[in-house]
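J.: Following this message is one structure expressed as structure tokens.
Taken together, the values in this text are just the output of simple stated rules run on the coordinates, not laboratory data. This one's a predicted model, so the numbers in the text were calculated from it and none came from an experiment.
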Amino acid sequence: MASTCERSLVKGIVWEVLSFIVTVIAVYLVYGNLAMSIKFSLVLSMIKIFLFFIHERVWKKIRWGKY
């Protein structure tokens, strides 16, 4: 059985892959350019991963709701 950290990592990767696919499709439907859609989605994914990392580090320091 996978550890909690491994499970969280795999869950995050699967979620980001799904998000990437949805973003590529949405941008393609709006602009009709697949190459641009993929580039946009890659940049957006990198930004979201960075922001999620910061978000997690901040929440780790907040004691609210911890026992």
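J.: Could you state the number of Å between the C-alpha centres of the stretch 20-42 and the stretch 51-66?
T.: After rounding, the separation between the Cα centres reads 31 Å.
J.: Quick one: Kirkwood hydrodynamic radius for the chain, alpha-carbon pairs, angstrom, one decimal?
T.: Computed over Cα pairs of the chain, the Kirkwood hydrodynamic radius comes out at 13.9 Å.
J.: Name the lysines eligible as straight-distance cross-link partners of LYS61: C-alpha to C-alpha under 28 Å, and not fewer than 8 places from it in the same chain.
T.: Those lysines meeting the cut-off are LYS11, LYS48.
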